[in-house]
1. Identify, among C:THR169, C:TYR216, C:ILE67, the residue whose Cα sits farthest towards the positive end of the charge dipole of region C:66-243, taking +1 on the Cβ of Lys and Arg and -1 on the Cβ of Asp and Glu, with the dipole about the Cα centre.
2. Starting from the Kirkwood Rh over alpha-carbon pairs, what translational D in µm² s⁻¹ does region A:1-142 have by Stokes-Einstein at 20 °C and 1.002 mPa s?
3. Can you pull the semi-axes for region C:66-243, root of five times each eigenvalue of the Cα gyration tensor, sorted largest first, whole Å?
4. Can you give me the three principal axis dimensions of region B:1-52 from its C-alpha atoms, in Å, biggest first?
5. Write down the percent of antiparallel bridges among all DSSP beta bridges whose residues are both part of the protein assembly as shown, to the nearest 5.
6. Based on a Kirkwood Rh over C-alpha pairs, give the Stokes-Einstein translational diffusion coefficient of region B:542-659 at 4 °C and viscosity 1.567 mPa s in µm²/s.
7. Ranked highest first by average number of other Cβ atoms within 10 Å, how do B:698-710, B:182-194, B:220-232 line up?
8. Please state the charge dipole magnitude for the protein assembly as shown, taken about the Cα centre, from unit charges on C-beta atoms (+1 on K and R, -1 on D and E), reported in debye and rounded to the nearest 20.
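Read-outs: derived from the displayed coordinates by stated rules, not from any lab. Just so it is clear, the model here is predicted, and its values are computed rather than measured. As a convention, Cβ positions derive from the backbone with ideal geometry for all residues, glycine included, and neighbour counts pool all protein chains shown.
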Amino acid sequence: MVATSHDVMLDIELYQPTDEANALALAASLGKDGWLLGGGQDTYGWVKDRNKSATAMIELTQVDAWKGIKETSDGIEIGAVTTLTEISKNPLVKEKFALLAKAAGVVASPQIRNVGTLAGNLAQDARCWYYRRGLDCYRAGGNICYADSPEGLNREHAIFGASRCVAVSPSDTAPALVALDATMVISSAKGQRLVSAQDFFVGPDVNITSMTALEEGEILTAVRLPNEWANAEYYFEKVADRNVWDFALVSISAAMKVSNGVIEDSRIACGAVECVPRRLDDVENALRGQQRSEQLAERVASIASQGAEPLNYNHFKIPLIENLVKRAVRG
Amino acid sequence: MAYMHIGKDFVPPDVNGKVTGRIKYAEDYTREGMVYARLLTSPIPHARVVNIDASEALAMDGVFGLLTADDVYPDGEPQSTGLKVLTNEPTLVGEPILALAAIDEKTAETAISKISVTFERLPFVLDPLDSLAEGGPDAYNGGNTYVFRQGFASEKWSADQVASFRAGNEPTAEPQQTFAYGDLDAALAESAFVYESTFTTAGYPHQSMEPRSAMAYWENGKLYLHGTSQSLSALADGMASIVGVPQEDFVFINEATGGGFGQRARANSIPSMAIPAKMSQKINRPVMMRVTRDEETAIGGARQGFQGWIKCGFKADGTMAAADLYIISDNGGKGGGGDAYSAADCISILYQTEAVRFRGTSIGSNTGHRGAQRGPGQNQIAAIIAPILDKAAEELGIDRLKIRQINTPQNGDVGGASRTPFTSAYMPEALKMGAEQFNLEERMARSRKRNGSKVTGIGIGQGYHNAGRSGMDGIVRLTADGRLKVHNGVGNLGTYSYASTSRAAAEVLQMPWERVDIVTGRTDRHLPITSPQDGSNSIFTNTRTNYGAAMDLLGKMKEIAAMELGGDAADYDFGDERVFKAAAPSEGMTFAEIAQKGIALGGKFTGEADLPEELNDFTKISVSRLAGDALMGIYHDAPHNNNPPGFTVTFTEIEMDVETGKYDIVEMVTIGDCGTVVHPQGLKNQLVGGAVWGIGLTGYERHLYDPQNGLPASTGYWQSKIPTMMDTPAKIKTGWVDLPDPENPVGARGIGEPAMGAVAASLASAISDSLEGHLFNSAPVTADMIINHVAGVTSEAVPLAQNNFRG
Amino acid sequence: MGEIVRYKRDVWGEEVILGVSWDLLWVVAVAVLVLLAAHAIVMAVLANKKMDKPSGEGKRVVRHEAIDRWFHWLMALSIFALILTGIAPIVGLRFAWLNWHWMAGLLLSFITLVHIVRSLFWQDFKSMILGPRDFAEPFDSTRLPGKYSFEQKGMHWAVTVVVMTVIATGLLMFLQIDSPFWERTNSMPESQLGLVFLLHGLSTLALVALASTHIYFAIRPEKLFYTRSMFKGWISEDEMKANHDPNLWSPKQAD
């Protein structure tokens, strides 16, 4: 019997490794039973509602090697369990990658940013309310989507790239990292692999039960930002119902190399329109070599929404993504 | 008039506890041997419980017992709407079916997951219009509406009638309820501008921060219930009968409450507190029942949503000649309130409309429990009517402030369905004061001006609620040490009205505040009955009772002085905690001496004899328990007749970004007309708190249920989109007229509810202004609606949809 | 061994069927491997006493018209595509499989429909009917079949049942996802949806078993001439006479 009232966790074994090797060994040995815990802002809702359960948790925030921000030969490297507050206030990030500082600075609320980590923000699970309510939908391993139907409450859901599941990528920092062409450092007991930010996020067509490329036993341990896009012209905007403590209705992260008003190159990604951060390749192509102007903004805006397949209540995302692209191009 | 206390700020005694976190809410209490109850609630929007198999759960270690509707209602559940303590006939998802008590919450939850409840699924409906349509499902087992004293009924319209209404036309079916005055047809005929449209407003939860948790235990045959309420005496009075315990054996303990907003005023809106009481009785242990946010959303009450049609006629001079309303109000899963009637009543009062017709029908839906919420009816309609007034002003070429001044209520006016005279009304003064503080003229020059993607919108809003009652009791006592004890049953809702109303008694006796003790917090401190603390009435109602009781005490004090020192009571004056001969101030007695003498005299002086005949039974019990140990002032307040209104006016400037549908509130000025101000800081809190609520009503808050399955989609603070501090102005400017009301001894009237309505109205007005006067005829108006409007996108939302997204 | 059926909670918390347990995939795989290996061993033992293999030379008769061969291979292609795209994600190979899956499903459905129509009106439908005589065939070495042997007919009808089930349930499932032809709804009750998934899963497992068996026999040395005929259309007269009763099957001469 499902009782709709919960608000009480089951017993969980808590592991608090302080060094990398230990944490990776735990992740390997616990496998899918080892729930990775960052700031807990995604986790606690699940386990208190008993909609997902964990027998063991590996708290990652005590591993110093995975915290902090440092300069590298080719940019900067951010430890994955660095808090969003720290990222948003870090001078190095603000100086070179202000796009990320801004994105990290508008996640949820100050309280959540104070404990929430970059890895947690990137790897957080879908926020579709049906899924979060604990329903056995596709994403939960079931055989149905409650949101994608003529009557489903799908105002916040995807307008692009849905495949059975119509949930969107909820992260504010994810599109910023795609725009900055970041590289994700994924560690496991077997070693390390590097995945581009764009490939880190996985849509439901490929894996309907996970939003990232992380496999069992793997931990996102760092994010590298290459100098290639440092100090580009950035535009970030998050439109949400509320100005704090909310997920984006649509967000845009744009990095542009502009010289004498000409957009030489750009990387633009949107959040909350697809299950993954949506890279606007066609817009980037249309912008390349063009003089920045209102006319250009108008022209490329409609490219951004091409192929959109709105659900019943999210048609507004089409004009919204177009408007945000215009604003990014206008600068 | 120079007052010692009235109109002065002070620190209410519970403030320190709230700031330091030391004050106790129901959840903070514990008792030796206390166990924990948890609820199993209905996962289905409309069902009948066929069987409950709890054998596996009850066999678990640490499980003490189960409470079901059969335990609570051995003779069967009452066949009416209204929340039940527990039910076998749930009509909304989240309604409590049973409670289980265990050694801790974890065990209780695990045990509950092992209980198998077999439900018979019944047809459900989430939009009242779907239920009204011929063949549509009914939310309740006996129909889709409940007629007071008559029982369940099924209201049905033809499919064409419903479709026509959804398409924007005047409903043609017979309404359940009506009122009318004036010649509507003639008024419309005289009108130079007539506006007609359908509209919707959302019903959404009260969202009190403190969930309705409660803890109960029995001791020596008495029930002690730690609970939550916005009233103390009034709620205790009703709660005893819900639990089934004599009033004299019931102690209700409630020092502080984390929000009520209408759904904790009366016992029948919070019957879940009977669960730990009943469970404790059954298993003979103290029981704590903590209520989750999810549960609070389901049973914590929600405003009624409207699906309405309105037609307003304005004469060429701007006079609102006619208002014709037809409203279907959403009664939710457990029955609702009288919001629709109040909405029409409010228009009649705020705009002194010459002819009004109201028609209304209340229909159930299998959604959250409905009941009075801050300005029930008045505040929903405030957000709808303000842009209509602006439209009329535009069409008739009248200034937007002017049209409100033309129609304003003022002293000597009557208003509403009952055409009741006001006790006083200073709306014209409030409009003037607000316009000045807002710099209306200067700001109005920016109206609709575009700068990049941003457009300025200026809004004006007005709010109203009846704000005062009478017929309650007061008890004050002067103890042998000369301290004044004000027994106050108002309850600590967070408005500090329990303290500010006590100031009236201190004022009468000119007692220094530090010599006054407010006796409240639990009913075994013996409190007088008060009106439930709803309807913005407390300040009016309870300054009357406390003033009266203090006057009774003062009379007795003078009488004692005369007995001791000779002469007539009328020859005595008082001051500096002494009663003395007016002619010879040195001859007198201290308050303490008088109290001591009074105690020695006993009888009527100490509440042992000659009580006011009309005293309520609840108060009589308290007086009988207090009698004898202090000099007592007792008062029964005779009912008054006129309408003490609470009025507010708000001016708002927004900067609308037409590319994102988001706006900044650049300036907000809100002015209250609530008679003499008793507690300025308290009033300011009410105005600002009301403003946040008003912003929520017009701009944010939603109430979503999936039409496929009746599941609530907006549980909790994130999904329901209550505005945050970043969505509200950093500074909301407040002000007040501060002119006395003649029917209150200290000149005060209430303000709580209208504080919200005017803001809701002014924001709706400003949004409309920023979009070239476009009328959404909806509350809320959310970012997606604005984006769609600007982009010319037609929404796929069902017209007039309730408990869903809107177009 | 795991369970056969997986369950889930429906939207109101009641237990309903979710689908087949994919643990069965391994059971089927192992069972098929064991059975086919056993068959291969027995055949290898028997092979010593086997009579001469008929010659593939000489006159040829038509066994499969070109159109039927096309049909067969398209069907094989679609079934393999379906099995591959359906099963790969279950065993952990991640790719965007769903569109390929339903496109292959549509192809299979279309071919099957064409085949049914053709077999009813243009082919010798009777040659595939399983009669009482066929069931005696395995027990009487003197009896030779008509165009199709008992085993072949049995395989055909088993595949027919399984493919029809997989198509019927597959089409119902196709209706449950968005497609270029319609927008999905949630009109099918979850309990029925679960049954459809279960039947689709069970028929998929059966199809895996049947396909494996079919391939195995297709590459058995003594049956290779049949496989050849599926490429080239003919078998030799020798092969025909050794395996079929000319009274029951009188094919045309091949060119």
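1. Checked the options; the winner is C:ILE67.
2. 130 µm²/s
3. Ellipsoid half-lengths, sorted descending, are 34, 17, 16 Å.
4. Over region B:1-52, Cα extents along the principal axes are 68, 34, 15 Å.
5. Taking every DSSP beta bridge within the protein assembly as shown, about 80 percent pair in antiparallel fashion.
6. This corresponds to a translational diffusion coefficient of 77 µm²/s.
7. Those peptides, ordered most packed to least, come out B:698-710, B:220-232, B:182-194.
8. 3080 debye
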